[in-house]
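Note sheet for the following structure.
Each reported figure results from applying straightforward, stated rules to the coordinates on display, with no laboratory input. The structure displayed is predicted, hence computed values, not measured ones. Note that we place each Cβ from the backbone using ideal geometry, even for glycine, and neighbour counts take in every protein chain shown.
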Amino acid sequence: MFTDLTKEMIAGLKERFGEAYYILDSRQFRQNYLELKDAFAGVYPRFNIAYSYKTNYIPRLCGIVNELGGFAEVVSEMELELALRTGVEPGRIIWNGPVKAPLAVEKFLLSGGTVNIDSLEEAQSIKEAAQRNPGATFRLGIRCNFDIGDGKVSRFGLDTEGDDFKKATELILSTPNARLVNLHCHFACRSLEGWPARAKGIIELMDKTGFIPETVDLGGGIFGKMPESLKEQFSVNIPAYADYARAAAAPFRERFGGSGPCLLAEPGSALVGDCMKLLGTVKSIKNIRGKYFATLLASQKNISMSGVNPPIEVIGMGGVQQEYKDLDMAGYTCIENDILYKNYSGPLAVGDAVLFGNCGSYSVVMKPPFILPNFPIIDISGAEAELIKEAETFEDIFHTFIF
Ligand SMILES: Cc1ncc(COP(=O)(O)O)c(C=O)c1O
């Protein structure tokens, strides 16, 4: 459907949604979910997905994950509330993150959710909460931090070689009504090499301690599907789901056969990256000392992609197009480097629509209320374009200010 948007359809959508909007393909999201799940489960059957809400928390997407039997990976009370309102059972919600409100954590643990502990202070606070509720059983995980050879020192979780890790696990294990059910890790690195290293780190930890949890959660960091034009702009190879599945899950199959802990991954970008496009409209074209700039109703802030040119499609809307060379497509903000696409060469006219692809991850959730409220979102998976988020308004941005 995405590539089939015609001039006539865009003219029709303009009547309803204006000159800039996000286009969601929730059918593609569903397909990505099922493909990724199958790829991992084909290697290690005890596998499930915990969708990373922060990557793109459009409620429709959260609902699809829930319907398909996945978990919700949340990192704030706001996201927890969303999971609950989506109808996710607390037992299928995993709460990660470095800062969590203790009272909300206590309530969540009482409801049967799992919390991954990120610091010694958090372990202490949860122990106290468990002691206040001796009749309840708290399900806990611990975020494990070890070297995966990516040359970085992550700030998250507890160093598995350090004293705090030992103390935090002792705090949990010495609490009769607290159960350590999950070993978790995540590293901000999507390259394939990091995945066997994650698996190895956790398996070594299990072997060293003799502790086998219910679940091992290897986190997110899987590249989504993308066209060649985008792949070429990365310095690393872009692996397929099946490559990640082999890299991450084969070590578990080798170590446990089919009956080890349940393996989880927390993909965000891998599922949603290619499921959204942003449509913007060319408002002016100018030449400044030999360089062409088109200014659009759309911004780099809408797609949060930087350092790469997204895949684009220009749809002539009837204006007389000219051929341009090395034209920059710039955004509506006053930021000098608000450039959505650098050095475009091809036909363009004022009034043309430009579709920016692969902008499903960290886009709507990262858009600041800077200069303009955000554009609406429509889902075009069905026969009709369906509004799933209204255009934000002045009120949406300013109702919390005291005038
Ligand atoms: C703990 C955790 N899980 C999952 C993700 C999702 O990562 P990605 O979008 O790369 O899959 C992140 C991203 O920062 C994360 O911090």
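Numbers below:
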| read-out | value |
| --- | --- |
| Under Karplus coefficients 6.51, -1.76 and 1.60, residue-wise ³J(HN,Hα) of the range 317-328 in Hz, glycine/proline x | 10, x, x, 6, 7, 10, 7, 10, 10, 6, 8, 8 |
| Karplus-derived 3J(HN,Hα), 6.51/-1.76/1.60, for each residue of the range 372-385, Hz, glycine and proline x | 9, x, 7, 7, x, 10, 10, 9, 10, 6, x, 5, 10, 5 |
| Among 207, 326, 159, residue whose mean-square fluctuation peaks in a GNM of the chain (springs only between Cα atoms under 10 Å) | 207 |
| The range 69-187, dipole about Cα centre (Lys/Arg Cβ +1, Asp/Glu Cβ -1), debye to the nearest 20 | 360 |
| Net charge over other residues, Cβ less than 13 angstrom from the Cβ of residue 338 (K, R count +1; D, E count -1) | +1 |
| Over the chain: helical MRE at 222 nm, DSSP H runs n ≥ 4 each giving -39500 (n - 2.57), nearest 500 | -9500 deg cm²/dmol |
| Stretch gain in nm, segment residue 333-residue 388, where the contour uses 0.36 nm per residue and the Cα spacing is subtracted | 17.3 nm |
| Cα gyration tensor shape for the range 238-290, rounded if a/c is under 1.5, else prolate or oblate | prolate |
| Farthest positive-ward along the range 27-271 dipole, Cα basis, beta-carbon charges - from 58, 175, 76 | 58 |
| Cα-based reach from residue 286 at 27 Å (exclusive), listing lysines while leaving out same-chain residues under 8 positions away | 7, 14, 277, 301, 325, 342, 367 |
| Antiparallel bridge percentage (DSSP; both residues within the chain; nearest 5) | 45 |
| Neighbour-count order for 51, 244, 292, fewest beta carbons within 10 angstrom listed first | 292, 244, 51 |
| Computed E for residue 77/residue 254 - FRET, C-beta separation, R0 30 angstrom, nearest 0.05 | 0.15 |
| Size of charge dipole - the range 27-271 - debye, nearest 20, with Cβ of Lys, Arg +1 and Asp, Glu -1, no other charges | 500 |
| Cα long-axis angle, helix 77-86 against the chain (0 to 90 degrees, to the nearest 10) | 80 |
| Over the range 27-271: Kirkwood hydrodynamic radius from C-alpha pairwise inverse distances, Å | 18.2 |
| Pairwise FRET efficiency - residue 133 versus residue 236, Cβ, R0 = 45 Å, nearest 0.05 | 0.45 |
| Full-stretch length increase - residue 371, residue 34 - with 0.36 nm per residue and alpha-carbon distance subtracted | 117.5 nm |
| Low-density loop cleavage sites - trypsin sites (Lys or Arg not before Pro) in the range 286-360, where at most 14 other Cβ are within 10 Å (DSSP) | 289 |
| FRET efficiency, residue 323 to residue 11 (Cβ-Cβ, R0 25 Å, nearest 0.05) | 0.60 |
| Mean shadow area of the range 179-278, taken as a quarter of the surface of its Cα convex hull (nm²) | 7.5 |
| Net charge of neighbours whose Cβ lies under 15 Å from the Cβ of residue 84, counting Lys and Arg as +1 and Asp and Glu as -1 | -2 |
